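Student: My questions all concern the structure below.
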Amino acid sequence: METTSKSRRQWAIAAAIAASAVAAPLAQKQPVKPRTPAPANARLEALKKEAADDVDSRAQFSQQMVDQIFSYGELGFQEFETTRYLVDILKQNGFSVQEGVAGIPTAFVATWGSGKPVIALGSDIDCIPQASQKPGVAYHDPIVEGAPGHGEGHNSGQAVNITAAIAVKKIMEREHLPGTLRIWPGTAEELVGSKAYFVRAGLFKDVDIALFTHVDSNFAVSWGAGTGTGLVSVQYSFLGESAHAAANPWRGRSALDAVELMDVGWNFRREHLRLSQRSHDVIVDGGDQPNVVPRTASVWYYFRETDYQHIKELWETGDTMAKAAAMMAGVDLLPEKVLGAAWPQHFNKPVAEATYANIQKVGMPKWSDADQELARGIQKELKNPRIDGLATDLRNALRGPVENNTGGGSDDIGDVSWNVPTVTLRYPANIPGLPGHNWANGISMATPIAHKGVTAGAKVQAMTILDLVMRPELVDQAWDYFRNVQTKDQKYEPLIRPQDEPAIWLNKATMDKYRPEMKKYYYDPSRFKTYLDQLGIKYPTTR
Ligand SMILES: [Zn+2]
């Protein structure tokens, strides 16, 4: 972000000199045309093939990471086992690691290499409440009842990035290619709780390109303003006065009344909000017991909209509701807490196109009959209208800007995408047609479906890293799009306020409650080839 055009040019010259020392003469004579894909480069293509083969040879390494993190099943801000495990692997593989970055104990930045380009490789690591699920079983069957689990598939993305980085690092070392690989975790993504703070802490200041990756049921990459929303996550707390709820109710003022009045008010207002908004809440404190007028109560809202201005407006409406509800209930509104935020995502066109070219080279994994049987089994279990199993072909894998964004989910990679050219590679490691944030989305995530999807995703990621390292013009084109198209009229302004800090206390009580039981099921790769083996699950198990 802060890189000046001067230093960028110097790097491009240095890279060109480094490349000319070893590149095929043919490739050097071909002119650089901005905004069009670079001409075929035989050396680059050969190295991409080598990286893909290397990723294939590390399939067991990738499988172990996927299964291990699945077994940890840690909620946002409590990813202590996951982080310790990843940091160990990265150190063993020559990365230097800075832990506890941006004031978040489970966040880290691992760095290898030197010089430009600086490529940041990120993926989320946290899981979903109450999504504990035995992998490979096509119906609801938790490992630990009520416990969190990887009902989104965030156990797989770090394996994509780390496998790719190790394969490319080997090539960069041998070929003396300049460049820096930086691996970081999407901590507490389900709370959209960390990435705005990473940006604020300057983690992306010297980054040239951010390659993010996220699980899906097919390959995809997009550019421009896509579907989905950004959001602000706000907790409103009220303070009243307790009293005997039967003997002296007139002496009490109920904080819970304010929470309920705010919710009623919000649900009336909902009719008059834009179609693209999404808003939802949970009551995190609703009082203690019915015979005590609740002195305290809290409600936690996600306010989602498709652009920064509308998120701010929705947030202001929420603030007004909270103040009005406090007045109606005769209680005090305490200072609100911002628990997370996300900008709407906007991805980079030249990098998305380069990624798509690599997706086309890699293609979909080869699914077995057992993989398809599991997929159809859960689709039947959920009474889906389509029982079509796993996708075998790429479908609409390169997506451009969306004209009428009708809203949807959010990811705080949006904040990164407005600070440095970014794309998200979606890779096929899950089953189509599932509800999301649900036990069903965990079924495939420690099975051959996820293992094959991660290997395929790592090949694409490795190839795209090589594109960025060996084609300085691609990085220039990415910044040209970022500066002159994406941020021409819209600049990043953080949704988090200067006084906000990462909400690192969230989920602690839940993990404290379930971790002792979950520990019994942590994956032990020294004893079992796969997590399915350890759990003694026949693959697939269907009704
Ligand atoms: Zn996710």
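Bear in mind these aren't lab numbers, they're just calculated from the coordinates by the rules spelled out. Everything quoted here is computed from the prediction, not taken from an experiment. Heads up, the Cβs are rebuilt from the backbone with ideal geometry, glycines too, and the neighbour counts pull from every protein chain shown.
Student: What dipole magnitude, in Debye to the nearest 20, does the chain give about its Cα centre under +1 on Lys/Arg Cβ and -1 on Asp/Glu Cβ?
Tutor: The dipole magnitude comes to about 1400 debye.
Student: Here is a further query. What angle do you read, to the nearest 10 degrees and between 0 and 90, between the alpha-carbon axis of helix 349-362 and the longest principal axis of the chain?
Tutor: Tilt of helix 349-362: around 70 degrees.
Student: Return the Rg/Rh value of the chain, two decimal places, where both radii are evaluated on C-alpha atoms and Rh is the Kirkwood radius.
Tutor: Radius of gyration over Kirkwood radius for the chain works out to 1.00.
Student: What is the sum of charges around PRO365, taking Lys and Arg as +1, Asp and Glu as -1, for the other residues whose C-beta is under 9 Å from the C-beta of PRO365?
Tutor: +1
Student: With unit charges on the beta carbon (Lys/Arg positive, Asp/Glu negative), name the residue among TRP343, ALA51, ALA107 whose Cα is farthest towards the positive pole of the charge dipole of the chain.
Tutor: Of the candidates, ALA51 comes out farthest on the positive side.
Student: What does the net charge come to around SER62 if you take all other residues with beta carbon closer than 11 Å to its beta carbon, with K and R at +1 and D and E at -1?
Tutor: My count for the surroundings of SER62 gives +1.
Student: Scan the stretch 346-445 for trypsin sites (Lys or Arg not before Pro) in coil per DSSP, keeping those whose Cβ has at most 16 other Cβ atoms within 10 Å, and list them by number.
Tutor: LYS366, LYS383, ARG386, ARG395
Student: Give me the net charge of ARG497's neighbourhood, meaning all other residues with Cβ under 15 Å from the Cβ of ARG497; Lys, Arg count +1, Asp, Glu -1.
Tutor: Once positives and negatives cancel, what remains is -4.
Student: Still on this structure, I have one more. Quote the convex hull volume per residue of the stretch 445-499, based on C-alpha atoms, as a whole number of Å³.
Tutor: Once divided by residue count, the hull of the stretch 445-499 is 162 Å³.
Student: Right, next: In degrees between 0 and 90, to the nearest 10, how far off the longest principal axis of the chain does helix 42-57 point, with axes built from Cα atoms?
Tutor: For 42-57 against the chain, the angle is about 50 degrees.
Student: What is the Cα convex hull volume of the stretch 304-422 when expressed per residue in Å³?
Tutor: Cα convex hull per residue, to the nearest whole number: 198 Å³.
Student: ASP388 to ARG200: extension gain in nm, 0.36 nm per residue of separation minus the Cα-Cα distance?
Tutor: Fully extending the segment from ASP388 to ARG200 adds 63.3 nm.
Student: Here is a further query. Compute the distribution of all C-alpha to C-alpha distances in the stretch 204-337, in bins of 5 Å from 0, and list the percent of pairs in each, rounded to whole numbers.
Tutor: For the stretch 204-337, the pair-distance distribution reads 2, 10, 16, 16, 14, 11, 9, 8, 6, 4, 2, 1, 0, 0.
Student: With the alpha-carbon atoms as the only input, what is the per residue convex hull volume for the stretch 468-508 in Å³?
Tutor: In the stretch 468-508, the Cα hull volume divided by residue count equals 135 Å³.
Student: Please enumerate, by chain and number, the lysines with C-alpha under 19 Å from the C-alpha of LYS361, excluding those fewer than 8 residues away in the same chain.
Tutor: Excluding near neighbours in sequence, the set is LYS48, LYS49, LYS349, LYS452, LYS459.
Student: Related question: If you average 1/r over all unlike Cα pairs in the stretch 405-462 and invert the result, what Kirkwood radius do you get in angstrom?
Tutor: 13.5 Å
Student: Roughly how tilted is helix 308-329, in degrees to the nearest 10 and between 0 and 90, from the longest Cα axis of the chain?
Tutor: For 308-329 against the chain, the angle is about 20 degrees.
Student: For the ranges 531-543, 489-501, what's the packing order if you count other beta-carbon atoms within 10 Å of each residue, average per peptide, and put the highest first?
Tutor: Order by mean packing, descending: 531-543, 489-501.
Student: What pairs from LYS169/LYS520; LYS116/LYS337; LYS91/LYS116 go past 32 Å between their alpha carbons?
Tutor: In this structure, LYS169/LYS520; LYS116/LYS337 exceed 32 Å between Cα atoms.
Student: Given the rule -39500 (n - 2.57) for each run of at least 4 DSSP H residues, summed and divided by the residues of the chain, what is its mean residue ellipticity at 222 nm, to the nearest 500 deg cm²/dmol?
Tutor: Calculated mean residue ellipticity at 222 nm is -12500 deg cm²/dmol.
Student: Next up: Could you pull out which residues in the stretch 260-298 have an amide N less than 16 Å from a spot 7 Å beyond the Cα of HIS437, following the Cα-Cβ vector?
Tutor: 277-284
Student: Please express the Cα-Cα pair-distance distribution P(r) of the stretch 361-519 as a list of whole percents, one per 5 Å bin, running from 0 to the bin with the greatest distance.
Tutor: Going out from 0 Å in 5 Å bins, the stretch 361-519 shows 1, 6, 10, 13, 15, 15, 15, 12, 8, 3, 0 percent.
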